[in-house]
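The values are calculated or read from the model by the stated rules, or taken from the named source; none is laboratory data. Here the structure is a predicted model, which means the values were calculated and not measured. Methodologically, a virtual Cβ is constructed for each residue, glycine included, from the backbone with ideal geometry; neighbour enumeration extends over all protein chains shown.
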Amino acid sequence: MYQQKTILYTLFLAIGVISCNNPEKSVRTPKEYSSEQLRNNIAIEGAGISVNDSSILVSNNASGIFNVQEINLTDTSAKVLTKSTKESNFAIDYLPDGKHFFYSSDKGGDENSHIFVASKTDSIVKDITPWAGSSNSFFGWNSDKTNIYILSNKRDKKFFDLWKISIADWKPTMIYQNETGDEPGSISNNEKYIALTKTITTDKNELYLLDLATKKKTSISNNSESTWRAQGFEKDDASFYYLTNDSSDYTYVVKYDLANNKRTKLYSTDWDVDGFYLSKNGKYHTVFINEDGKNKVLLFDHASNKTIDFPKIEDGDVLDLIYSDSEKNILLTVGSSTSPSNLYLYNTESKSLKQLTKTLNKNIDEQDLVKAEVVRFKSFDGKEIPAIYYKPLNAEENHKVPALVYAHGGPGGQSRVGFSNSIQFLVNHGYAVLLVNNRGSSGYGKAFYKLDNKDHGNGDLKDFIWGKKWLAEQNYIDTASIGIMGGSYGGNIVLNALTIHPNEFKVGVDLFGVANWLRTLKSIPPYWEAFKKALYDELGDPNTADSVRLKTISPVFNYQKIKKPLIVFQGVNDVRVLKAESDEIVAGVEKNGIPVEYVLFPDEGHGFVKKENLIATDNKTLAFLQKYLYPKK
């Protein structure tokens, strides 16, 4: 349910962590844990609450890949519902009969997800989107739960159409045919209106209401350089809600009355509002606020728009919530900087909060893990840059430690909420890690987000170099042992750091990083067609004079400048950053005679999900760092 602020964040995977204030602690040496121990934690995602509020549907990677489980809300016992050993299965929701459920799955990370219906009591599984080469996603239920909506590009790989599928016979009916890249954002309960968004640039889009009967489009947005995002319709369809940063640096919630076109600003603050969610019958609504790298969640009585007390969980951050149809219960996904996310059930009648899961490996002492701290530093031009910082527990002036500057995905991502096994593993083994939210990151307002437009490889890259300078000012950092690490767009930052500023960092760790913007921008998946123009506006059009600058900031054309050791990780099935990108940069560094290691995963796409591959990534990264960044004495 929870949505990220920016479209670009979904393009190139970002690895995020929770940020919170870090109280001073006495220096001590923590117990050292293996990647196998940390990866023996459980990643879990809530999906749905049964119609009788007796159980929940979840995705769980206890088996090594994600499978679907059901958790009994009375005794928290779990039952495995899918037993895949090859492809991850992600839970979607229960069917109304409580005996069947939906889940999604692709092939080896190829992103062509299909939707399946399965039974809790037998092994019969049906693909309800059996269209070869198509990508399909769940879009919600109709009002009486007799049909589901899905988005699919089965008709045209470039665009996602809106379909309705009856759960009685699984026959699909097209609701909206997308011919122009106007993407569905929400549908009214009476199926009269669809809210559509059209991307113009990464800083601007358009929002419309389409009357399905008359085909009339009513413009909700204006011509300002602002973003607009539908959040849903009132139960009686008299109004609908959207988010926008029109005439503001921060995103806020607006209520739009369909009868008289009246707009009312429902909630705003000095941070971006990232989500607005109504309960099924309109008794409650919640507002998600991206407040300095973590979520602030407010619960409201919907009729009065007055806040209701919401449970506070120590060192906890609500990442997601799901209302039960009865509105008696709310399923919360709660993150922590020292534990994988856990699920809680909040009863709105008794005001009681019940923890349903314990995902941290029982053999790990949480006190040996590090709480993250929000820090800020001045960059090359005086601009204040926020970052999330992990300081090893044993770091002190008399025990200097190595460090890594970390670059998130994007462009437009943000290092923020979510427990990271990989970060904790490195910090537990004595590496300080600074996750820089460089200019162009989301979460800090419209002006900050726009700062890297057509400036990639310059201002954004310098923010990481000035992050390194901040690290070097800490008296417990070994200033000769600072490397850089990142994934996807962050991997491009790593490679550009080693080519454009070859003397700044001692080593680079590149996870599926863009090495050739010209190829990447020309080979983006066809279903990004509606977003392609905006992407070109942000980074440059490879088919125009922009190609000169894009070539300049494409590491593959500057590989001869790399003179520091590099390790590269790549999924063979990646459709966002093609394997050829990593192949070529590795071949180039080998020509330089510089140490380079290459790790390929034949069963992964853009970002790794299988535990064995994640463990391999952790261990190979640590071995590389111990050899080239900070050799053990």
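Computed quantities for the displayed model
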| read-out | value |
| --- | --- |
| Subset tally (residues that are modelled with pLDDT under 95 and aliphatic (A, V, I, L, M)) for the range 581-600 | 0 |
| Breaking point among (1) among the small types (Gly, Ala, Ser); (2) in contact with a Ser or Thr (Cβ under 7 Å, 6 or more places away or on another chain); (3) buried (at least 16 other Cβ atoms within 10 Å of the Cβ), for Gly98 | (3) |
| Condition met for Phe138 (more than 21 Å from Val254 (Cα to Cα), aromatic (Phe, Trp, Tyr) and assigned to a loop (DSSP other than H, G, I, E, B)) | no |
| Subset of the range 469-512 (residues that are among the charged types (D, E, K, R) and surrounded by fewer than 24 Cβ atoms within 10 Å (Cβ to Cβ)) | Lys469, Glu473, Asp478, Glu504, Lys506 |
| Tally, over the range 585-607, of residues that are assigned to a loop (DSSP other than H, G, I, E, B) and over 23 Å from Trp517 (Cβ atoms) | 4 |
| Condition met for Gly490 (assigned to a helix (DSSP H, G or I), closer than 30 Å to Ser337 by Cα and modelled with pLDDT of 90 or more) | yes |
| Residues (more than 16 Å from Val297 (Cα to Cα) and part of a strand (DSSP E or B)) located in the range 330-340 | Ser339, Pro340 |
| Residue that is surrounded by the most Cβ atoms within 10 Å (Cβ to Cβ) [pool: residues in the range 130-145 that are polar (S, T, N, Q) and touching a residue at least 40 places away in the same chain (Cβ under 8 Å)] | Ser135 |
| One residue from Asn428, Asn453 being at pLDDT 95 or above and either of a type outside the set (Gly, Ala, Ser) or surrounded by fewer than 22 Cβ atoms within 10 Å (Cβ to Cβ) (or both) | Asn428 |
| Selection from the range 528-566 of residues that are of a type in the set (D, E, K, R), surrounded by 20 or more Cβ atoms within 10 Å (Cβ to Cβ) and under 24 Å from the mean Cα position of the chain (by Cα) | Glu538 |
| Residue, farthest from Glu191 (Cα to Cα), within the range 211-233, restricted to residues that are more than 27 Å from the chain's Cα centre (by Cα), of a type outside the set (Ser, Thr, Tyr) and surrounded by fewer than 19 Cβ atoms within 10 Å (Cβ to Cβ) | Asn223 |
| All positions within the range 607-633 that are closer than 21 Å to Asn67 by Cβ, buried (at least 18 other Cβ atoms within 10 Å of the Cβ) and touching a Gly at 6+ places or on another chain (Cβ under 9 Å) | Gly607, Phe608, Val609, Lys610, Lys611, Asn613 |
| Which listed residue, of Ile124, Ile150, is without any contact (Cβ under 8 Å) to a residue 40 or more places away in the chain and closer than 29 Å to Ser279 by Cβ | Ile150 |
| Among (1) crowded, with 19+ Cβ neighbours inside 10 Å; (2) modelled with pLDDT of 95 or more, the one test that Thr202 misses | (2) |
| Qualifying residue in the range 253-264 (condition: assigned by TED's automatic domain parsing to the domain that holds Thr74, within 25 Å of the chain's Cα centre (by Cα) and at negative phi) | yes |
| Filtered residues of the range 613-633 (kept if without any contact (Cβ under 8 Å) to a residue 60 or more places away in the chain and under 30 Å from Gly109 (Cα atoms)) | Asn613, Ala616, Lys620, Ala623 |
| Pick from the range 569-599, criterion in contact (Cβ under 8 Å) with a residue 40 or more places away in the chain and polar (S, T, N, Q), ranking: farthest from Val494 (Cα to Cα) | Asn573 |
| All positions within the range 177-200 that are farther than 21 Å from Trp141 by Cβ and more than 26 Å from the chain's Cα centre (by Cα) | Gln177, Glu179, Thr180 |
| Residue match in the range 285-301 (condition: more than 30 Å from Ser35 (Cα to Cα) and in a loop (DSSP other than H, G, I, E, B)) | no |
| For Ile56: the one exception among (1) more than 25 Å from Ser152 (Cα to Cα); (2) surrounded by fewer than 20 Cβ atoms within 10 Å (Cβ to Cβ); (3) of a type outside the set (Phe, Trp, Tyr) | (2) |
| Qualifying residue in the range 567-574 (condition: in the same structural domain as Asp510 (by TED's automatic domain parsing) and surrounded by fewer than 17 Cβ atoms within 10 Å (Cβ to Cβ)) | yes |
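Table: residues versus (1) under 23 Å from Glu191 (Cβ atoms); (2) at pLDDT 95 or above; (3) crowded, with 18+ Cβ neighbours inside 10 Å.
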{"site": "Asp237", "(1), (2), (3)": "yes, yes, no"}
{"site": "Ser247", "(1), (2), (3)": "no, yes, no"}
{"site": "Asp272", "(1), (2), (3)": "no, yes, yes"}
{"site": "Ile308", "(1), (2), (3)": "no, no, no"}
{"site": "Asp315", "(1), (2), (3)": "no, no, no"}
{"site": "Leu319", "(1), (2), (3)": "no, no, yes"}
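Okay, residues lined up against (1) outside any strand (DSSP E or B); (2) within 22 Å of Asn619 (Cα to Cα); (3) not assigned by TED's automatic domain parsing to the domain that holds Pro311:
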{"position": "Leu345", "(1), (2), (3)": "no, no, no"}
{"position": "Glu349", "(1), (2), (3)": "yes, no, no"}
{"position": "Leu360", "(1), (2), (3)": "yes, yes, yes"}
{"position": "Asn363", "(1), (2), (3)": "yes, yes, yes"}
{"position": "Phe377", "(1), (2), (3)": "no, no, yes"}
{"position": "Gly382", "(1), (2), (3)": "yes, no, yes"}
{"position": "Ile385", "(1), (2), (3)": "no, no, yes"}
{"position": "Pro392", "(1), (2), (3)": "yes, yes, yes"}
{"position": "Gly409", "(1), (2), (3)": "yes, yes, yes"}
